[in-house]
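The values are calculated or read from the model by the stated rules, or taken from the named source; none is laboratory data. Just so it is clear, the structure is predicted and the values come from calculations on it, not from any experiment. Cβ placement follows ideal geometry from the backbone for every residue including glycine, while neighbour counts extend to all protein chains displayed.
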Amino acid sequence: MALSFDALREKIGTEIGVSDWVSVTQDMINGFADVTDDHQFIHVDPEQAKATPFGSTIAHGFLTLSLLPALISDIDVKLKNTVMGVNYGFDRVRLIAPVPSGSDVRGRFVLQDAVEKRPGQYLLTFAVSVEIKGQDKPALTAEWLGMQFTDEKGGAA
């Protein structure tokens, strides 16, 4: 849904969406280990990981964080006339619970703020929770910032 800036600001404090479930496979974890050169056994050695308190391999916390763009892609919220969006960073990230290999995760997004930084540039802040199917604790919570750029008519149109 393409919204005017005023309409988007009316959604501050509300949940704007929940993503579909995404499976975190051992192949995904191994690929992330290769890219980041983090091959700690707890991530990549199922036999050795069985002896840990987790009982299996777990996803890297940064892998869970890196899934956010895929998770928010299920959520169709943007300003009218948006030409691109960029990751602007995080104000807060907490890794709450491990994600065992084979788990399904999804993102829950609440719009916390929307600010026009300059004409055609809008900073959106989301409270994000990455849930693990069948678990009470989320894998991750964060305050995620994204910048949306609109054409000359801007998001106010």
Q: Please tell me if THR52 is without any contact (Cβ under 8 Å) to a residue 12 or more places away in the chain and more than 22 Å from ASP6 (Cα to Cα).
A: yes
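Yes/no matrix, rows are residues, columns are (1) of a type in the set (Asp, Glu); (2) modelled with pLDDT of 95 or more; (3) surrounded by 15 or more Cβ atoms within 10 Å (Cβ to Cβ):
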residue: MET1; (1), (2), (3): no, no, no
residue: LEU8; (1), (2), (3): no, no, yes
residue: ASP37; (1), (2), (3): yes, yes, no
residue: GLY55; (1), (2), (3): no, yes, no
residue: LEU68; (1), (2), (3): no, yes, yes
residue: ILE75; (1), (2), (3): no, no, yes
residue: ALA97; (1), (2), (3): no, yes, yes
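When you scan the stretch 77-92, how many residues do you find that are buried (at least 16 other Cβ atoms within 10 Å of the Cβ) and either of a type in the set (Lys, Arg) or over 17 Å from ILE12 (Cα atoms) (or both)? Break it down stepwise before answering.
Step one: filter the stretch 77-92 for residues buried (at least 16 other Cβ atoms within 10 Å of the Cβ), giving 77-82, 85.
From what is left, the residues that are either of a type in the set (Lys, Arg) or over 17 Å from ILE12 (Cα atoms) (or both) are 78, 80-82, 85.
The number of residues fulfilling the criteria is 5.
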Q: Kindly indicate the residue of the stretch 1-53 that is charged (D, E, K, R) and in contact with a strand residue (DSSP E or B) (Cβ under 6 Å, 6 or more places away or on another chain) and also nearest to ILE75 (Cα to Cα) among those meeting that condition.
A: GLU15
Q | All positions within the stretch 84-135 that are outside any strand (DSSP E or B) and more than 19 Å from MET28 (Cα to Cα) | A | ILE96, PRO119, GLY120, GLY134, GLN135
Q. In the stretch 125-139, which residues are farther than 11 Å from ARG108 by Cβ, under 13 Å from the mean Cα position of the chain (by Cα) and not β-branched (Val, Ile, Thr)?
A. ALA139
(Q) Looking for something of a type in the set (Val, Ile, Thr), within 27 Å of ALA7 (Cβ to Cβ) and buried (at least 16 other Cβ atoms within 10 Å of the Cβ) - is there at least one such residue anywhere in the stretch 121-128? (A) yes
Q. How about the stretch 125-151: which of its residues are of a type in the set (A, V, I, L, M) and in contact (Cβ under 8 Å) with a residue 60 or more places away in the chain?
A. VAL128, VAL130, ALA139, LEU140, ALA142, MET147
